[in-house]
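Please read the structure below before turning to the comments.
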Amino acid sequence: MENIGETPFRITRTVQALGSALRGDPENVSDANGLGSGDRISSEPEKLWFKESSAKNLQNRDFLSPTTVLNTLYADGQVPPAVMGRVLSLKGCGVLPLAGGEVMGEGLRVRVDRIAAFQKVLSGVSAYLNPPSQRQGCVVLNCPALHPKPNLPSPDTLTLGQLRTVLLTDHLGALLRRQGFTVSCCPVLPEDSNIIVFLRVLGVDWPSVPVSWTNDEREEKMLEALQNSPYKEREETDGGRRESEGKKMEGEKERGTLRVNLKRVLQEEQLPGYDPSLGTCTVQRDSVSHLAQLDRATADCTVSTATAVHVTSCQDEFRQQQIAMLWRASGATATQRHLVCGPVKTPGSHLSAAQYLQLRRVQMKEASEMKYGEQVEGQTWDDIIKVMTSATVRFELLSTVHMSPVTLDVQREGSVSTKGPRGGVFVMYNCARLHTLFDSYERGMEKGLYPEIPEGSQLDFSALKEEGEWLLLFNYLIPFSELLDQSGQVLECDGGGARVNLKTEQICKFLVSLSKDFSSYYNRVHVLGEPLPHLFNQMFCRLQLLRALRELYHRALDTLHLPPIRQL
């Protein structure tokens with residue numbers, strides 16, 4: 001049995017426990033899985049409670065059960081005293097402690113005991129920076145954009161839509177590994193090839209093999225499996241013409257004539273969600289190569305059945321469904337899901353991935369020179385501009401729901417800004433501000449102005465009275481763990497069609513929202529106060545909060561393979 005005092009607070013558990021108390025269910029708090037990312041969160045199947053997130057609403061409530069819900073549950077919306085008592089005395093593993101509540105015009109609103117929440121979270125913050133639990137399983141992330149067709153893609157042939165799928169695959173891999181999954185990416189690419197070098201500039205560590213490496217043996221294996229597949233189309237005899245043609249194709253193993261009935265695969269395997277127009281497919285050489293790469297990626301899986309996620313553009317979705325069905329026809333048993341990305345639009349321009357990255361790098365350097373002047377030179381600034389460019393590109397391509405189109409301003413005069421809530425640059429800038437703050441504090445310590453920050457158990461967190469402080473804890477620190485967990489939850493759910501929605505935009509949106517709220521707080525509050533002992537407790541409480549936020553930034557940016565910028 002879990003110890004209530006040791007279990008980290010969870011938004012989902014709190015919402016579900018509030019729902020049980022309002023309905024009069026037995027007092028228990030189940031091991032809830034769900035997402036708490038600062039948005040409104042509801043218990044299922046009934047939306048009885050909502051987590052508040054706006055600064056305005058958090059001034060008087062943290063959770064709300066709307067009047068419409070109360071009118072449904074109780075006559076005239078009047079909450080019985082026994083129910084109110086049950087809600088306000090709520091306890092349980094992972095459940096936030098309540099400080100009070102009342103029925104108002106908008107519904108039943110409750111407030112969290114903020115001092116207790118600050119004390120517990122900031123005294124054990126590591127529990128809020130990792131997924132709630134470690135999962136097991138093998139996931140193959142297949143990126144069709146990187147497969148040869150028949151030639152290996154290069155930075156100059158890679159489209160922006162394809163680049164979006166590569167970056168999304170990279171981000172998803174980092175998220176799933178953090179949750180405990182064994183993840184392999186497909187295909188492997190020749191080491192030091194132009195595409196590998198290009199991806200490294202963006203922080204993508206894609207698996208590579210020696211240039212001399214071949215997958216011929218697996219290709220032969222996959223071709224043989226398709227030749228012997230029960231779904232292979234049997235050609236009708238046509239006299240001597242067939243026989244003579246067969247002799248001509250003997251050395252080619254009939255690669256051009258091997259046809260597989262994909263419609264039968266769908267019907268007999270009962271696979272929902274695939275395009276009903278999938279018919280008979282002629283097996284091409286690049287398809288066999290693709291299947292061999294998938295076979296290699298699943299060969300080392302430690303579980304009986306792997307999950308393969310094909311991360312593809314909407315333009316290539318049909319082709320990838322064909323590949324998926326061919327793989328199934330060859331005898332593969334992996335669960336296959338398709339993560340489909342919308343197009344990337346660049347009105348008035350047509351850029352390759354290489355041209356787009358170069359444009360953003362030049363714009364980033366120009367913007368830095370305008371802000372920081374002549375100091376923008378040397379290796380340190382080259383490294384900073386490289387990371388900031390990568391952050392710009394990633395946030396531009398990953399902040400939008402993956403099925404939706406992305407529209408980019410790639411006009412030469414549309415310069416990248418180093419200030420304002422502009423995605424990646426804004427996030428990296430605010431992360432750097434936290435490092436600057438702690439550098440200033442450490443210099444003050446060296447001068448004897450400040451003592452070391454005490455442990456959280458030695459601080460009086462009633463000193464945190466700013467509404468922005470509670471907003472940072474309640475909307476970001478507490479929900480972050482559940483946010484990290486959401487992609488694994490979706491993958492483990494049974495059922496569903498071919499497509500899967502993993503909400504891959506949420507980390508980017510989370511970081512941008514966090515940066516806006518942190519920036520507002522930081523501009524308003526003077527954290528490092530005068531070196532007077534009677535002011536130290538409040539200063540240390542704030543530093544504890546911001547130190548936890550700094551670590552949160554690092555963990556979130558790591559899922560995007562972006563190292564933190566420590567000074568700007």
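The values are calculated or read from the model by the stated rules, or taken from the named source; none is laboratory data. Here the structure is a predicted model, which is why all the values come from computation and not from measurement. We place every Cβ from the backbone using ideal geometry, glycine too, and count neighbours over all the protein chains shown. Heads up: the accessible areas ignore ligands, DNA and RNA and are worked out on the full protein's heavy atoms, side chains in. Shrake-Rupley method; radii C 1.70, N 1.55, O 1.52, S 1.80 Å.
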Name the residues in the range 517-536 that are open to solvent by 80 Å² or more (accessible area, probe 1.4 Å) and either in contact with a strand residue (DSSP E or B) (Cβ under 7 Å, 6 or more places away or on another chain) or under 12 Å from Glu466 (Cα atoms) (or both), would you?
-> Arg524, His526
Within the range 483-511, tally of residues that are at pLDDT 95 or above and touching a Lys or Arg at 6+ places or on another chain (Cβ under 8 Å) | 1
In this structure, is Gly77 surrounded by fewer than 21 Cβ atoms within 10 Å (Cβ to Cβ) and at pLDDT below 90?
-> yes
Does the range 223-238 include one or more residues that are modelled with pLDDT under 95 and farther than 21 Å from Val260 by Cα?
-> no
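Which of the residues spanning the range 131-152 are in a loop (DSSP other than H, G, I, E, B) and at pLDDT 95 or above?
Answer for the range 131-152, where residues must be in a loop (DSSP other than H, G, I, E, B) and at pLDDT 95 or above: Cys143, His147.
Determine whether the range 343-353 contains at least one residue that is under 29 Å from Arg547 (Cα atoms), of a type in the set (D, E, K, R) and either in a helix (DSSP H, G or I) or in contact (Cβ under 8 Å) with a residue 24 or more places away in the chain (or both).
Checked the range 343-353: no residue is under 29 Å from Arg547 (Cα atoms), of a type in the set (D, E, K, R) and either in a helix (DSSP H, G or I) or in contact (Cβ under 8 Å) with a residue 24 or more places away in the chain (or both).
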Any idea which residue in the range 172-208 is nearest to the chain's Cα centre (by Cα), counting only those that are over 18 Å from Cys301 (Cα atoms) and among the hydroxyl-bearing types (Ser, Thr, Tyr)?
-> Ser208
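At negative phi, assigned to a helix (DSSP H, G or I) and touching a strand residue (DSSP E or B) at 6+ places or on another chain (Cβ under 6 Å): is that true of Gln322 in this structure?
yes
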Close pairs from the range 58-85: first under 25 Å from Trp470 (Cα atoms), partner part of a helix (DSSP H, G or I) and aromatic (Phe, Trp, Tyr), Cβ under 9 Å, at least 6 apart = Leu58/Trp470; Leu58/Phe474; Asp62/Trp470; Asp62/Phe474
Residues of the range 171-224 being closer than 23 Å to Ser352 by Cβ, assigned to a helix (DSSP H, G or I) and in contact with a Lys or Arg (Cβ under 9 Å, 6 or more places away or on another chain), which ones?
-> His171, Val201
Within the range 308-341, can you find the residues that are open to solvent by less than 20 Å² (accessible area, probe 1.4 Å) and under 14 Å from Arg164 (Cα atoms)?
-> His310, Val311, Thr312, Ser313, Leu339, Val340, Cys341
Leu514: closer than 21 Å to Ser399 by Cβ, in contact with a Lys or Arg (Cβ under 6 Å, 6 or more places away or on another chain), buried (at least 22 other Cβ atoms within 10 Å of the Cβ) and modelled with pLDDT of 95 or more, yes or no?
-> no
